[in-house]
1. Looking only at the stretch 6-28, how many residues end up being of a type outside the set (S, T, N, Q) and either within 21 Å of Gly102 (Cβ to Cβ) or modelled with pLDDT of 90 or more (or both)?
2. Can you name the residue in the stretch 63-85 that is modelled with pLDDT of 90 or more and farther than 17 Å from Ile30 by Cα and is also surrounded by the most Cβ atoms within 10 Å (Cβ to Cβ) among such residues?
3. Test Thr131 against the criterion of being among the polar types (S, T, N, Q) and open to solvent by less than 50 Å² (accessible area, probe 1.4 Å), and give yes or no.
4. What pairs come out if I take residues in the stretch 107-120 that are more than 18 Å from Pro146 (Cβ to Cβ) and in contact (Cβ under 8 Å) with a residue 24 or more places away in the chain and pair them with residues that are of a type in the set (A, V, I, L, M, F, W, C) and surrounded by fewer than 16 Cβ atoms within 10 Å (Cβ to Cβ) whose C-beta lies under 6 Å away, six or more apart or interchain?
5. Condition first: touching an Asp or Glu at 6+ places or on another chain (Cβ under 7 Å) and open to solvent by less than 70 Å² (accessible area, probe 1.4 Å). Can you find one or more residues in the stretch 110-123 that meet it?
6. Going by the conditions given, is Val48 open to solvent by less than 60 Å² (accessible area, probe 1.4 Å), closer than 17 Å to Ile78 by Cα, at pLDDT 95 or above and not small (Gly, Ala, Ser)?
7. Look through the stretch 147-171, keep the residues that are out of contact with any Phe, Trp or Tyr (no Cβ under 7 Å at 6 or more places or on another chain) and of a type in the set (A, V, I, L, M, F, W, C), and return whichever of them is most open to solvent (accessible area, probe 1.4 Å).
8. Condition first: assigned to a helix (DSSP H, G or I) and closer than 15 Å to Leu117 by Cα. Now tell me which residues in the stretch 64-92 satisfy that.
Amino acid sequence: MPQVATALTWSDVVGRWQMRWGIGRRRYRIVAGLYAVGAPDADAPVLVTANYKLSVDALRRELSGLDAWLLVLDTKGINVWCAATGGHFTNHDVISSLKISGIEGRVDHRDVILPQLAATGIEAGTIREKTGWKVTWGPVYAKDIPAFIKNRFEKTPEMRQVQFPLSQRIEMAVMWAFPFSLIVFLILIAFWREVL
């Protein structure tokens, strides 16, 4: 069983920044399949995510100290929200992964936690009807997963809300404006040096 570490490496951090600058974005994915986090047993929760490496990294980092099964869907390297909206994170994808991953033989329960941001592409009733697995919608942000699990898979109202703070807005603006943003950044550095 492939094991996934919860600590991010220097390579992971560099890769994240490369993605934010648009370098190699189409190749930044991991192999779809079933992964173990910690030492999961037959009672461990089963969490589903997209195979976009930033999505996997965000989730695995927050699972530190927990034992869980991580089911990664092949979303063509697209994040959860965009994949669900674009038809790459669907009922069919979840159903197929549940059936071929081998997870049914590793757990005694039939509860699967899907990201709330995948809800646009998923019909929980269809998954239950075709597989017997009950869908529980996880929180919006991976940082809330430990509290969500500790709280017996109940979300607080804050866990249901999408927030878009200024820091994320700036990061997204820089990412979408690349390479223009790089040129502006270099000009600002040159200007800053001249001022000093």
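The values are calculated or read from the model by the stated rules, or taken from the named source; none is laboratory data. Source: prediction; values computed, not measured. Don't worry about glycine lacking a Cβ; one is built from the backbone with ideal geometry, like all the others, and counts go over all protein chains shown. Note: accessible area is taken over every heavy atom of the protein model, side chains too, but ligands, DNA and RNA are not part of it. Shrake-Rupley method; radii C 1.70, N 1.55, O 1.52, S 1.80 Å.
1. Of the stretch 6-28, the ones of a type outside the set (S, T, N, Q) are 7-8, 10, 12-17, 19-28.
Then drop every residue that is not either within 21 Å of Gly102 (Cβ to Cβ) or modelled with pLDDT of 90 or more (or both), which leaves none.
So the count comes out to 0.
2. Per the stated criteria, the residue is Ala68.
3. So Thr131 fits the description; yes.
4. Close Cβ pairs satisfying both conditions: Val107/Ala42; Asp108/Ala42.
5. To start, the set of residues in the stretch 110-123 that are touching an Asp or Glu at 6+ places or on another chain (Cβ under 7 Å) comprises none.
Among the residues of the stretch 110-123, not one is touching an Asp or Glu at 6+ places or on another chain (Cβ under 7 Å) and open to solvent by less than 70 Å² (accessible area, probe 1.4 Å), which makes the answer no.
6. On the way: open to solvent by less than 60 Å² (accessible area, probe 1.4 Å): yes; closer than 17 Å to Ile78 by Cα: yes; at pLDDT 95 or above: yes; not small (Gly, Ala, Ser): yes.
In short, yes.
7. Of the stretch 147-171, the ones out of contact with any Phe, Trp or Tyr (no Cβ under 7 Å at 6 or more places or on another chain) are 147-154, 156-158, 160-171.
Next cut, of a type in the set (A, V, I, L, M, F, W, C) only: 147-149, 153, 162, 164, 166, 170.
Values: Ala147: 49, Phe148: 1, Ile149: 36, Phe153: 85, Val162: 80, Phe164: 105, Leu166: 121, Ile170: 95 Å².
My answer is Leu166.
8. First, pick out the residues of the stretch 64-92 that are assigned to a helix (DSSP H, G or I): 80-85, 91-92.
If the condition is that a residue be assigned to a helix (DSSP H, G or I) and closer than 15 Å to Leu117 by Cα, then Val80, Trp81, Cys82, Ala83, Ala84, Thr85, Asn91 are the ones that fit.
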